Amino acid sequence: MQTVLGHGITREKLIIAKLLDAAILLFSVYLVIIATAFIAMNTESAVVIDTPSEEERLKCDICGIPLENPFMLSSSAVAPTYDMCAIAFEAGWFYRSCK
C-alpha cells in the first residue's frame, strides 16, 4: 500500500522528483564548467604556468645542503651491497649514506 502525501503524490513519486532535481542541478553545473573551460581556452589572456625542467624540478635544499634530487638511500637492507647501490644510482637515486 502506497502512502499518499496529498494531491495523489506518493512517497515514491516524491523521491523520483527529488532525484531528477538533483540530476538537473548536477548537469547544469557540468555545463557551466565546460562553458568556463571553453572560454578560458579561447581567450588570449589565459594563465600560463611556467613549469621547470626535469632537472630543476627535483633540485632541493635540505639543511642548507643543495641536492640534485631528494632521493637518498640509507644504510639498510635495501642497499647492503655495492651492486644494489649501483642499480639504485642507475635508476636515478642521488645519494647513499654508509655506516
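The values are calculated or read from the model by the stated rules, or taken from the named source; none is laboratory data. Please read all numbers here as calculations on a predicted model, not as lab measurements. Quick reminder, even Gly has a Cβ in these numbers, built from the backbone with ideal geometry, and neighbours come from all protein chains shown.
Data for the structure
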read-out	value
Yes/no for K99 being basic (K, R) and either touching a Phe, Trp or Tyr at 6+ places or on another chain (Cβ under 7 Å) or modelled with pLDDT of 85 or more (or both)	no
Residue within segment 61-73 that is at positive phi and loosely packed, with under 11 Cβ neighbours inside 10 Å present	yes
Single unsatisfied condition, L20 versus (1) surrounded by 10 or more Cβ atoms within 10 Å (Cβ to Cβ); (2) of a type in the set (A, V, I, L, M); (3) modelled with pLDDT under 80	(3)
Of residues in segment 85-99 being surrounded by 13 or more Cβ atoms within 10 Å (Cβ to Cβ) and not basic (K, R), the one farthest from the chain's Cα centre (by Cα)	C85
Count of segment 63-99 residues which are in contact with a strand residue (DSSP E or B) (Cβ under 6 Å, 6 or more places away or on another chain) and of a type in the set (G, A, S)	2
